[in-house]
Amino acid sequence: MARKITSKPKPRPAELDRLDLDILEVLQADAKATIAEISKRVGLSQTPCWKRLKHLHEAGVITEQVSIINPRAVGLDVTAFVTLSVKLNSDDEEASFGDAIRNIEEVMECYSLAGEKDFMLKVVASSLQSFKHLLRNTLSQLPGVQSIESTLALTKVKCTTHLPLD
């Protein structure tokens, strides 16, 4: 894939102390924890706890609080990993590709890669037939796609959103 290499300033990691990390640990285990529960578990009164939590949101440390839904419980029985080789000749084409990927609801995650392939996707589908349709009618039609390889997940061994903060 042809890409224009530009030097962008990297965001600095947030300055986090032990209390901030403790608050994050509580929230990773239970995003619905109240300020009262968090403050009790980290040993801090509610107002300073609330201020720290507000700062963690404003600093972009906490980006979302969501409910995680079991895909099989809503009929999404197929999980697959798809690698794409693409040829994108301009920043506009790369932006168009990214926009297209973000608009495909079956794509749960997308990463650009260093190596033989250019992108890796995690996708979900209701059936093998719908996965086949996604490959043939959607992913293969994305701008610049030259080749697609897929691997079906048989069982989920580990899936977590809990980051190691120690």
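The numbers here are math on the coordinates, done by the rules we state, and not lab data. Here the structure is a predicted model, which is why all the values come from computation and not from measurement. A quick note on method: Cβ atoms are made from the backbone with ideal geometry, for glycine too, and the neighbour counts reach across all protein chains shown.
Suppose only helical runs count, i.e. DSSP H with n ≥ 4. What mean residue ellipticity at 222 nm does that imply for the chain under -39500 (n - 2.57) per run, divided by all residues and rounded to the nearest 500 deg cm²/dmol? Present the calculation step by step, with values, prior to reporting the outcome.
On the way: 5 runs with 51 residues, N = 166.
One gets -9000 deg cm²/dmol as the mean residue ellipticity at 222 nm.
Which one of M120, L135, V42 is farthest out on the positive end of the charge dipole of the stretch 42-166, using unit charges on Cβ (Lys, Arg +1; Asp, Glu -1) and the Cα centre as origin?
It is V42, whose Cα lies furthest towards the positive end.
Please identify the trypsin sites (Lys or Arg not before Pro) of the stretch 100-166 that satisfy two criteria: DSSP loop assignment and at most 15 other Cβ atoms within 10 Å. Which are they? Walk me through the numbers on the way to the answer.
On the way: sites: R102, K117, K122, K132, R136, K156, K158; in loops: K117, K156, K158.
Here the trypsin sites (Lys or Arg not before Pro) that fit, given the DSSP loop and packing criteria, are K156, K158.
Label-point separation (nm) for A59 and A36, each offset 7 Å from Cα along Cα-to-Cβ?
Result: 2.8 nm between the two label points.
Checking the table K32/K54; K122/K158; K54/K156 against a 23 Å threshold on Cα-Cα, which pairs fail? Show your work: numbers first, answer last.
Details: K32/K54 15 Å; K122/K158 14 Å; K54/K156 34 Å.
Those over the limit are K54/K156.
Please return the longest stretch of the chain lacking exposed loop sites, where GluC sites (Glu not before Pro) count only if DSSP places them in a loop and at most 10 other Cβ atoms lie within 10 Å.
Values: sites that count: E15, E64, E105, E116.
No qualifying site falls inside 117-166, the longest such stretch.
For M108, enumerate residues with amide H under 5 Å from its amide H, sequence gap 5+ or separate chain, H modeled in the peptide plane.
K122, V123, V124
What per residue convex hull volume, in Å³, do the alpha-carbon atoms of the chain yield? Write out the running numbers ahead of the final one.
On the way: hull volume 25.8 nm³, N = 166.
That works out to 156 Å³ per residue.
Based on Cβ point charges of +1 for Lys and Arg and -1 for Asp and Glu, what charge dipole magnitude is obtained for the chain about its Cα centre, in debye rounded to the nearest 20? Kindly include the intermediate steps, with their values, before the conclusion.
Working: 21 positive and 22 negative charges, 36 e Å.
I would put it at about 180 debye.
Work out from phi, with θ = phi - 60° and the Karplus expression 6.51 cos²θ - 1.76 cosθ + 1.60, the ³J(HN,Hα) of each residue of the stretch 78-92, listed in order in whole Hz, and give x for Gly and Pro.
Along the stretch 78-92, the couplings run 10, 10, 9, 10, 10, 10, 10, 9, 10, 10, 10, 9, 8, 4, 5 Hz.
Ranking V107, V74 by Cβ neighbours within 10 Å, fewest first, what do you get? Spell out each step's value before the answer.
Numbers: V107 18, V74 10.
Placing the least packed residue first, the sequence is V74, V107.
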